[in-house]
1. Within the stretch 214-254, restricting attention to residues that are assigned to a loop (DSSP other than H, G, I, E, B) and not small (Gly, Ala, Ser), which residue is farthest from residue 25 (Cα to Cα)?
2. Looking at the stretch 87-105, is at least one residue surrounded by 14 or more Cβ atoms within 10 Å (Cβ to Cβ), of a type in the set (S, T, N, Q), part of a strand (DSSP E or B) and at pLDDT below 95?
3. Tally up the residues in the stretch 138-164 that are surrounded by 21 or more Cβ atoms within 10 Å (Cβ to Cβ), in contact with an Asp or Glu (Cβ under 9 Å, 6 or more places away or on another chain) and modelled with pLDDT of 90 or more, please.
4. Within the stretch 176-206, how many residues turn out to be in contact with a Leu (Cβ under 8 Å, 6 or more places away or on another chain) and buried (at least 16 other Cβ atoms within 10 Å of the Cβ)?
5. Looking only at residues that are in contact with a Gly (Cβ under 9 Å, 6 or more places away or on another chain) and in a helix (DSSP H, G or I) in the stretch 59-84, which one is surrounded by the most Cβ atoms within 10 Å (Cβ to Cβ)?
6. Restricting attention to the stretch 197-213, which residues are part of a loop (DSSP other than H, G, I, E, B), in contact with a helix residue (DSSP H, G or I) (Cβ under 7 Å, 6 or more places away or on another chain) and in contact (Cβ under 8 Å) with a residue 60 or more places away in the chain?
7. May I ask you to list pairs of residues, at least six apart or on different chains, whose Cβ atoms are under 7 Å apart, with the first in the stretch 46-68 being in contact (Cβ under 8 Å) with a residue 24 or more places away in the chain and the second being part of a loop (DSSP other than H, G, I, E, B)?
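The values are calculated or read from the model by the stated rules, or taken from the named source; none is laboratory data. Predicted, not measured: the structure shown is a model, and the values here were computed from it. Because the Cβ atoms are built from the backbone with ideal geometry, glycine has one as well, and the counts that use them run over all protein chains shown.
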Amino acid sequence: MKDQKGHIATQDPETVISIRNLYKAFGDNKVLNGFNFDLKKGENVVVLGKSGSGKSVLIKCIIGLIQPDKGTINVLGDNVPDLNTTQLDEMRVKVGFLFQSNALYDSMTVRENLEFPLRRHWIHTSKEEVNELVMEVLRNVGLPHTVDMMPSELSGGMRKRIALARTLILKPEIILYDEPTTGLDPITGKEISNLMVDMQKKYNISSIIISHDLNCVKITANRVVMLIDGTCYATGTYEELERATDSKVKQFFE
C-alpha cells in the first residue's frame, strides 16, 4: 500500500490518464481536494469510496461533463479542461462510458442502440461494415441472438451486456464504468465482472471502475484506489488493501 501524493514531471508513454492536483467543490463541500492519479495502458483500476465521496464527480471530470475548479486531467495526451466541444467529442470516441442505468433507448432495437454511437460520432462505414461491427460486439458479449429485440425484452444482465457492447462498438482505448454490477444478482454480477476482464484482455482496454461491490472489485481490479477526503488516500492491490491496518482503509473490507 502506498499513497499517491507525489508529482511526475513527464508523463510515462504507457500512462493513458494522468490527474494532478484536481480540485472540485460544490459550495462549501470539497469533493475533490488535490486528487492525484495515473492509469496505465491495459490496466483496470477500481476507485473505492463512501457514497458522496466524489467517485462519480471524478469520472465526470475525466469525460468532460463537469469542469474542475483546478488541476490537470491528461487523457491520451490532451488536458480535458482545456478542450472545446469539438475536441471533447473527438476524445469521447476513444473513451467509452458505461452508465449505471445502462442508458439504452427503449424505443430502439438492440441493433439501433448499437448503431447510434456510430451515427452520433459520424463514423463513416458502409451498411455491411456497420452490420459486422454490430454482430462482432454482440458476439463479444454472448448475445448475437438479441440483435432485433427491444430492451424491454431483455433481463437486467442482458441489458448490461448490451450497454457494454454499445460502449465497445467504437473500439475505445479507455472505458469508465459507473457501478457496473448495481442492481444485478450476485451470479449475474460475477458474469459481468468476468466479461469486463475478458474485454480488457482481448482489446488491451484501460478502465476506471466505480464500484461498491467487493466481488466485482476482487475480480476486475489490477489495482484499487481509495478516494477518501477528496484525495487518493491509498492505492494497492485488493489483497494489499484488505490487509491494511489503517482504519480509514480497513472499514471498506470489514
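1. Per the criteria, the residue is 243.
2. No: zero hits.
3. The total comes to 1.
4. Residues flagged as in contact with a Leu (Cβ under 8 Å, 6 or more places away or on another chain) and buried (at least 16 other Cβ atoms within 10 Å of the Cβ) within the stretch 176-206 amount to 9.
5. 61
6. 205, 211
7. Listed pairs, sorted by first residue: 46/211; 46/221; 54/230; 55/49; 57/66; 61/68; 64/83.
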